[in-house]
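The values are calculated or read from the model by the stated rules, or taken from the named source; none is laboratory data. As the structure is a computational prediction, the values presented were derived from the model and not from experiment. Glycine also receives a Cβ, built like all others from the backbone with ideal geometry; neighbour counts cover every protein chain displayed. These accessible areas exclude ligands, DNA and RNA; they are computed on the full protein's heavy atoms, side chains included. Shrake-Rupley method; radii C 1.70, N 1.55, O 1.52, S 1.80 Å.
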Amino acid sequence: MEPTKKDWKLYRERIGDWQEAYMEKLVQYLQENLPASDKFWELENRIKNDKKKPGVLIEVRKSSMIWDIVRLIHDEVITVKDLEEFSNELVEAVELILNR
């Protein structure tokens, strides 16, 4: 499915906010009452693993937009509810992939 111009524009507008919220959630996790050394090593591990996820780093391309949205949902960066303003066709395509 080729995304509509409206969906593509909306995606480009939202992706930065979605990533910021995801990274904020990761940072909040480290503010637990742990010794500094534990936080340091956990931070190193999280950065190593999470920097490869679309919630942190993504190449924004129209051709991979639907698959990237599926990955964002799978990685709990966003939910299907975050797609309310997108076209029904896009939401249906994402849900079809998620339900496979």
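Worth a mention:
- Legend: distances between Cα atoms for Lys25/Lys48; Lys25/Lys81; Lys53/Lys81; Lys9/Lys51; Lys25/Lys52; Lys5/Lys81; pairs beyond 23 Å are Lys9/Lys51.
- Highest-MSF residue in the chain out of Leu43, Leu34, Leu72 [GNM, Cα springs under 10 Å]: Leu34
- Surface calculation, 1.4 Å probe, protein heavy atoms: Trp67 sits at approximately 140 Å² accessible.
- Sequence of Phe86, Phe40 from largest to smallest accessible area, 1.4 Å probe: Phe40, Phe86
- In the full protein context, the chain carries 70 Å² of accessible surface per residue, based on a 1.4 Å probe and ignoring ligands, DNA and RNA.
- Only helical runs count toward this figure. For the chain, summing -39,500 (n - 2.57) over DSSP H runs of n ≥ 4 and dividing by all residues gives -20000 deg cm²/dmol at 222 nm.
- For segment 45-81, the residues whose backbone nitrogen is under 20 Å from a point 7 Å from the Cα of Glu92, taken along Cα to Cβ, are 65-70, 80-81.
- Of Ser37, Ser87, Ser64, the one that fluctuates the most in a GNM where the chain has Cα springs shorter than 10 Å: Ser37
- Whole-Hz Karplus values for segment 5-11 come out as 4, 5, 4, 4, 5, 5, 4 Hz, taken residue by residue from phi with 6.51 cos²θ - 1.76 cosθ + 1.60 and θ = phi - 60°; glycine and proline positions read x.
- Whole-Å semi-axes of the ellipsoid equivalent to segment 10-100 (Cα gyration tensor, √5λ, descending): 29, 12, 12
- Heavy-atom surface analysis with a 1.4 Å probe gives the chain a carbon and sulfur content of 52 percent of its accessible area.
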